[in-house]
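Please treat every number below as a calculation from the coordinates, not as lab data. None of the values given here were measured: they were computed from a predicted structure. With ideal geometry, Cβ positions are generated from the backbone for all residues, glycine too; neighbour counts draw on all protein chains shown.
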Amino acid sequence: MAFLEVKDLEVEFQVDKKPVIPLKGISFEMNEGEVLGIVGETGSGKSLTAHAIMGLSAMSGGKIRGSVKFAGQSLLDLSEKAMQSIRGSQIAFIPQNPMTSLDPVYRVGDQIMEGLLNHADLSKSKAKQQVLDIMEKLNIPKAEHVFQQYPHELSGGLKQRIVIAMGLCANPRLLIADEPTTALDVTVQAQIVRLFKEITVSKGIGLLLITHDLGVIAQICDKVAVMYAGNLVELARIESLFGSPRHPYTQALLNCIPSIGMKQGSLAAIYGNVPSATDCPDGCPFHPRCPHSFSTCESTMPTLIQIEGGAKVACHLYQENQE
Amino acid sequence: MENLVEISNLSVSFDVRAGLFLRKIGTIKAVNEVSFSIKKGEILGVVGESGCGKSTLARLLLRLIEPDSGSIVFNGNDILQMPRKKLQQERRHMQMVFQDPYSAMDPRYTIFRSLCEPFQIQNVAFAEGERRKKIDALLRLVGLNPEHGFAYPHALSGGQKQRVDIARVLALSPQFIILDEPTAALDVSVQAQIIKLLEGLRERLNLTFLFISHDLSLVSYFCDRVIVMYLGRIVENIAADSIGKRPHHPYTQALIESIFQPDPSQKSSTILEGEVPSPFNLPLGCVFSSRCKYVQPICREQRPTLHKTEEGGQVACHFPLY
Amino acid sequence: MVDAQVVEKKHKSPWTIILKRLSGNKMGVIGTILILCLVLVAIFAPILEPHSYKEQHIENMNAPPSVNHLLGTDDLGRDMLSRIIRGARISFVVGVLSVAISVLIGVVIGSIAGFYGGVIDTVLTTIADLTWSMPAILIALLLVAIIGAGLESVIIAIGLSYWAQYARLIRGQILSLKSATYIEATRALGASNYVILFKHLIPNSLSPVIVAATIGIGNAIVLEATLGFLGMGAQPPTPSWGAMMSNGTAYLFISPWVIIFPGLAMMITVLGFNLFGDALIDIMDVKNKESI
């Protein structure tokens, strides 16, 4: 049995008394020590997936359906209280913006320690020692000194390391990181991404990495799930996804990324806009922008099916081949 | 080709004040002795990390900020010597697209009204019905429908807003457009649309661009020539197609190495340690000396000046890589 | 390469959105109804009043509520209902005009301070702070003492007492908006300070001022009543709610209706403005909400 198993996960909100479903039946699984990337553009539902797994969508008034099994427990059936003890201790969340996820009035060391003391019965001095150990593991120079500092005294990269330390201090088994490097400079992003890889390998924990950046995915993930307009459209190992992308959206997305040495004018673009959750087209949500779309695509939503090579894809092009 | 813009020795510094009586606690040299020129029809890229002065540079060029010293010659006229009135007229020839499309338009204005504003500001009069036609044409030019004119900014997506910003800038038919991270807030597929749009516009309208970005891959793809900045100084000025092959400055090389290719077989090799140092009390020698892996004693003592490279670029390094 | 997707959302103007949100806010609707009632009563006072508000009937003084005089009569035998209806006019006029004066002064001073900054800002902010640190009633009393009692002086006095809060609000708004991208973008188009200040900065800074002004009308009405109570307001026979209550104190135990009904009228009015103002706070942040 998989370590994290998400099945038909769906989130529904009420907007103007009408149901809006920004996340439609997502299924995937990941194993311990694995790095799964979820990639998608604005409105694809990638962050919502993370929030739904953590049971956080319920707070903002959304209804969650489907099932999330984590280490044998069914998370969606747990009470809010039971979920609170899992959040932070077994599943840690690293939010998008390190600049705003630290409380400006407390010393950073105390903020890391707080998370540790919430979940473990430790003396203060022991806890501090553990925090310093974690900080050192995260390559924070002069950990003793940084421990005493306030968030505004730290650079963006250091703040993000502190936020990661907060996530790691209770020894979680699954780390969910939502765009952890988006707010950082490129050279610092490279350091943080490498750090994530080292942590997951050395601690053997699972990492669910949510990002819009396919470059980051290619660097550290084992598997990647591509999302579009609330649907999971392709799920594959990275070698397969980047080597031979199957879904037309994945193919188009990869062609949108410029690279050094590319000839001027050779960049491809996907025309049109990502549909909003309030008026998603019938059938496959990508069909109005898809160069391969045919009549079936306009009426029926393709299901995610396994194709040869182990990749899973939700596209009628491949479903026909199967039949 | 002749130069449309010539910048020489441009510097600006900001006082940093703190405390009860706003005592001056230091000076940040945001842009430091910067010189370069842009040829007519060229796309010049400016790349660097936060704090390198690239956005300040853009604002200096439009005189939204007054420089301490240096000169900015546009079309043969030094715009720093121009009186305010003349400058406000001259601004129609040089325009700027801002980074954040979400806040670049007055939220109370419809798109149509926002697009009318440049004409009002520059006192361009229209015959009856002529204005509507002009604005519909502008909207079409950037790939929108005339119907979008009735919308308010909050009803548009980020990409659509950025198209409107571009339309607004094109209204007065400028020769030179500064693009300050125009795609940084957008998704990659939308970024690609905007870049394609800009490529098309440049061709059709014979525009000259200064393109500012933190994304070296994007800059090297879109631009003809690239300036690499670090802590307010130009460290390298290089033709875009030699970036991947022969970067001369160790910092340019480090930026290339920190790019994540969307290709799992090309894992990034060495990465630059540390972060951009505080802009207070810059090192005496080379600004990059504190992070450079090839650093020598002389780098910490003596500041390298920009000198010509074989390929016609410029580099400020005592020990250039090529 | 035309964008295939037509704007999916209907082109709602900020005002349509505000109206739509207001209709969904119960307290806001109640406030709106109360204010509308006051406005209608004030406008149609001469038609609505059952008796003359100033005709005295000494033979029928301090009469309790009856069919003929629904709210009773006062110490000069004048019909209370008619006087309260006429008083609504005074309250409304004083409330609106004095707040208009405050807002005008506040917006001018606040936007100049915020926009130009530096020494101008320091001087203007200090003046505003000094005004604000004095109790409004004290300033009003002082001004009325100088210009003399009467409705006009009350309006001017109240107007001059409350401007500082609007000045501070708008200064803060302008300071934060000054660095907004669209202001910079407009400047890059070659716009003058005049265009930037009057076409963009001030209109975009007004929403909190409108909210404060709505609640301010309630405050102004109370201040007018206070001044009226102290005999500094509108002079007899003009019926001001404050003066009416002041009259009533002498007969508090004989004819409590003389003081209770004007008090109730004022309470309901102020409540109306406060409810409406509170609802506006929730409704006005159109700019921050991407979608409705």
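Side notes on the structure shown:
- Across peptide B:191-198, the mean count of Cβ atoms from other chains lying within 10 Å of each residue's own Cβ comes to 5.
- Long-range lysine pairs (8 or more apart or interchain), chain C, Cα under 20 Å: 14
- Value of [θ]222 nm, deg cm²/dmol, for chain C, DSSP H segments ≥ 4, -39500 (n - 2.57) each, nearest 500: -22500 deg cm²/dmol
- In chain B, the longest principal axis of the Cα atoms and the axis of helix B:188-205 are about 70 degrees apart.
- Of B:40/B:245; B:196/B:267; B:134/B:161; A:128/A:203; A:69/A:223, those spanning more than 23 Å from alpha-carbon to alpha-carbon: B:40/B:245; B:196/B:267
- Computed from phi, the 3J(HN,Hα) profile of the stretch A:45-55 under the Karplus parametrisation 6.51, -1.76, 1.60 (θ = phi - 60°) reads x, 5, 5, 5, 4, 4, 5, 5, 4, 7, x Hz, with x in place of Gly and Pro.
- The calculated 222 nm mean residue ellipticity attributable to helices in chain B amounts to -8000 deg cm²/dmol, summing -39500 (n - 2.57) over DSSP H runs of n ≥ 4 and dividing by all residues.
- Placing +1 on each Lys and Arg Cβ and -1 on each Asp and Glu Cβ, with no other charges, gives the stretch B:98-154 a dipole about its Cα centre of roughly 120 debye.
- Prolate is the label for the stretch C:177-278, because the ratio a/c of its alpha-carbon gyration tensor axes (a ≥ b ≥ c) is 1.5 or higher and a/b is greater than b/c.
- Between the residues A:42, A:123, A:105, the greatest Cα displacement towards the positive end of the dipole of the stretch A:1-123, with unit charges on the Cβ of Lys, Arg, Asp and Glu, is found for A:42.
- Fewest-first ranking of C:282, A:213, using other Cβ atoms within 10 Å as the exposure measure: C:282, A:213
- Unit charges on C-beta of K, R, D, E only; dipole of chain C, Debye: 760
- Counted by Cβ distance under 10 Å from residue C:62, the other residues give a net charge of -2, where Lys and Arg count +1 and Asp and Glu count -1.
- Per residue of peptide B:251-263, the mean number of Cβ atoms on other chains within 10 Å of the residue Cβ is 6.
- Prolate/oblate/rounded call for the stretch B:209-286, Cα gyration tensor, a/c under 1.5 rounded: oblate
- Fewest-first ranking of C:38, A:253, using other Cβ atoms within 10 Å as the exposure measure: C:38, A:253
- The phi-based Karplus calculation (6.51 cos²θ - 1.76 cosθ + 1.60; θ = phi - 60°) puts the 3J(HN,Hα) values of the stretch B:301-312 at 9, 10, 7, x, 9, 5, 9, 5, 9, 4, 7, x Hz, whole numbers, x for Gly and Pro.
- Axis of helix A:108-119 versus longest Cα principal axis of chain A: the two differ by about 80°, to the nearest ten degrees.
- Estimated FRET transfer efficiency (residue C:193, residue B:318; beta-carbon r; R0 45 Å; 0.05): 0.40
- Bridge type composition, chain B - antiparallel percent by DSSP, nearest 5: 60
- Between the Cα long axis of helix C:151-177 and the first principal axis of chain C there is an angle of about 20°, rounded to the nearest 10.
- Taking the DSSP bridge list for chain A and keeping only pairs wholly inside it, about 60 percent are antiparallel.
- Adding -39500 (n - 2.57) for every DSSP H run of four residues or longer, then dividing by how many residues chain A holds, sets the calculated 222 nm ellipticity at -9500 deg cm²/dmol.
- Likely footprinting exposure, C:15, C:163, C:241, fewest C-beta neighbours within 10 Å first: C:15, C:163, C:241
- Note on residue A:123 and residue C:249: their simple-model spin labels are 7.0 nm apart, each label 7 Å out from Cα toward Cβ.
- Near residue C:244: Cβ cut-off under 11 Å, other residues only, Lys/Arg at +1 and Asp/Glu at -1. The net charge is +1.
- Assuming charge only on the beta carbon of Lys and Arg (+1) and of Asp and Glu (-1), the dipole of the protein assembly as shown about its Cα centre is about 1140 debye to the nearest 20.
- Centre-to-centre, using Cα atoms only, the stretch A:222-244 and the stretch C:140-188 are separated by 58 Å.
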